[in-house]
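This report concerns only the one structure given below.
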Amino acid sequence: MDNNSKKYNIVTFGCQMNKADSERMAGILEEMDFTWTERPENADLVLYNTCTIRDNAEQKVYSYLGRQAKRKQTEPNLTLVVAGCVAQQEGEQLLRRVPELDLVMGPQHANRLEDLLQQVFAGSQVVATEPIHIMEDITKPRRDSEVTAWVNIIYGCNERCSYCVVPNVRGVEQSRTPEAIRQEMMTLSQQGYKEITLLGQNIDAYGRDLPGSTSEGRHKHNFTDLLRFVHDVPGVERIRFATSHPRYFTERLIKTCKELPNVCEHFHIPFQSGDNDILQAMKRGYTIEKYRGIIETIRRYMPDAAVSGDAIVGFPGETEEQFQNTLRLTDELDFDMLNTAAYSPRPGTPAALWDGQLSEEVKSDRLQRLNHLVGTKAEERSRRYLGRVEKILVEAKNHKDPTQVMGRTQGNRLTFFAGDIEQLKGKIVEVKITEARAFSLTGEMV
Ligand code: SAH
Ligand code: SF4
Ligand code: F3S
């Protein structure tokens, strides 16, 4: 390693989109001859890739930034970058709040990092938040895993859920072409990747903006067509995708997942609330009946499919009874996993201005009750694996027990078992499940 080269560190908050963007930005920095360091305090360049989905996510960023801004006062050569969703939301205001920053860049600009840094190194303080057409990937991402990888298929979101900042900070939908997606998957497979997760905020919107779409919303390249187009990339043994939107989810997609052997029987479909009036106020565009129908159809075709979702408690005006409807739906539908959150009013979203905002006490009490149920249900779901032989794709060492490796079932349950990572990494192994916890399993190789 070249000891004179400059060191960088990236701290990533938020969702898989941000993680994927960070991997691409790391790739760009390495092409610019920066080398990775584990410790931000040793780095010549520190990049925070930020999230603003809830207030606590945003506040975390400010506390980290404060420390580096202080360091910059004694080390003027330090380069400080804020990327991602807080950068997009706050823009110039971020510079006023933290004048030590060199670069503030929205998520659409991630692939332009080199160009933006050149402007910084030429002496400017740069803010890049204007909407642009996202550049096709120009560099090799530096990926965290050597076995599983993310591939963006659509950026942005055209929905207007009344609580959500994502459309404000990620911009309008931009689909990549089927050819570019397949090409990236081919490259990944040549590099030895075995599992690919196709990413979009609303994956069912894929293709709406590509040429060939019609005003009736029919298009040549919808998500189901894309799956058929990419499912057989040689060497890619597992394909997942997220996030699905109940409003657009189709039976045709379910049938296709069943038919294509490499597509995992794993669906992540947020429902957000178990109450129709709340769903309407959230502007989600579906009812509980429709949602329940989707899950029933999935299980009719694939009785063992894993189903996960997201839910929000304490939306403005949510009564105890309406919250009970969320508990009831969670109980009824047997989720393998549910991401839960207390509603957080976000700047620039309609619901933040509504009457009926609930107190933090009520919200956190409901969150705790829902989480308790989620844990109980997940444990029940895990127990169905006991005694079964599952195919596990081995990803890494178990960091808590180096004699074990960790991988996932095709339904995405974390699984640990005794084995040597050097021999097993990237392999699909048959494992007999001997212990089941709410969110993970333990087993033995057979
Ligand atoms: N596009 C996905 C999710 C994007 S955000 C979808 O449509 O479901 C990820 C999750 O964060 C959401 O599913 C929601 O449960 C949660 N979330 C978004 N905005 C929120 C807010 N203001 N308060 C609390 N949770 C929120
Ligand atoms: Fe946000 Fe709704 Fe878009 Fe999901 S679909 S990112 S919740 S606006
Ligand atoms: Fe957060 Fe932006 Fe993702 S707000 S959840 S990082 S799209």
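The values are calculated or read from the model by the stated rules, or taken from the named source; none is laboratory data. The shown structure was predicted, so the numbers you read here are calculated from the model rather than taken from an experiment. Using ideal geometry, Cβ is built from the backbone for each residue, glycine included, and neighbour counts are taken over all protein chains shown. Note: areas computed on protein heavy atoms with side chains; ligands, DNA, RNA excluded. Shrake-Rupley method; radii C 1.70, N 1.55, O 1.52, S 1.80 Å.
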Name the residues in the stretch 315-324 that are buried (at least 20 other Cβ atoms within 10 Å of the Cβ) and either within 16 Å of ligand 2 (Cβ to nearest atom) or assigned to a helix (DSSP H, G or I) (or both), would you?
PHE315, PRO316, PHE323
Is it the case that the stretch 246-253 has a residue that's on the phi > 0 side of the Ramachandran plot, surrounded by fewer than 19 Cβ atoms within 10 Å (Cβ to Cβ) and away from ligand 3 (no atom under 16 Å from the Cβ)?
no
What number goes with the only condition from (1) among the acidic types (Asp, Glu); (2) more than 16 Å from ligand 3 (Cβ to nearest atom); (3) not in a loop (DSSP other than H, G, I, E, B) that ASP310 does not pass?
(2)
Any residue that is out of contact with any Phe, Trp or Tyr (no Cβ under 8 Å at 6 or more places or on another chain), assigned to a loop (DSSP other than H, G, I, E, B), at pLDDT 95 or above and open to solvent by 50 Å² or more (accessible area, probe 1.4 Å) - is there at least one of those in the stretch 257-267?
yes
Name the residues in the stretch 170-183 that are away from ligand 1 (no atom under 11 Å from the Cβ) and under 27 Å from ASP310 (Cα atoms), would you?
GLY171, VAL172, GLU173, GLN174, SER175, ARG176, ILE181
Just to be sure before I move on: is ALA57 within 16 Å of ligand 2 (Cβ to nearest atom) and within 14 Å of VAL11 (Cβ to Cβ) in the structure I sent?
yes
Subset of the stretch 1-50, residues of a type in the set (Phe, Trp, Tyr) and without any contact (Cβ under 8 Å) to a residue 60 or more places away in the chain, comes to TYR8, PHE34, TYR48
Members of the stretch 90-126 found to be of a type in the set (Val, Ile, Thr) and surrounded by fewer than 22 Cβ atoms within 10 Å (Cβ to Cβ), listed by number
VAL98, VAL120, VAL126
Long-range neighbours under 7 Å by Cβ, at least six apart or interchain, first residue hydroxyl-bearing (Ser, Thr, Tyr) within the stretch 398-423, second part of a loop (DSSP other than H, G, I, E, B)
THR415/THR409
What helices (runs of 4 or more DSSP H) lie completely within the stretch 107-222 and have 1 or more residues being among the charged types (D, E, K, R) and free of Cβ contacts under 8 Å to residues at least 40 places away in the same chain?
113-121, 178-190
So the check is Cβ under 6 Å with 6+ separation or different chains; which pairs have a first residue in the stretch 246-272 that's assigned by TED's automatic domain parsing to the domain that holds PRO234 and a second one that's modelled with pLDDT of 95 or more and of a type in the set (Phe, Trp, Tyr)?
PRO246/TYR286; PRO246/TYR291; ARG247/TYR286; ILE254/TYR301; LYS258/TYR301; PHE271/TYR291
State yes or no: is LYS60 within 16 Å of ligand 3 (Cβ to nearest atom) and more than 22 Å from VAL172 (Cβ to Cβ)?
yes
Selection status of ARG54, modelled with pLDDT of 95 or more and open to solvent by 60 Å² or more (accessible area, probe 1.4 Å):
yes
Scanning for something in contact (Cβ under 8 Å) with a residue 12 or more places away in the chain, under 25 Å from GLN16 (Cα atoms) and not assigned by TED's automatic domain parsing to the domain that holds SER440, does the stretch 315-332 turn up at least one residue?
yes
I'd like to check something: does the stretch 344-364 contain any residue that is within 28 Å of GLN88 (Cβ to Cβ), open to solvent by less than 40 Å² (accessible area, probe 1.4 Å), more than 16 Å from ligand 3 (Cβ to nearest atom) and assigned to a helix (DSSP H, G or I)?
yes
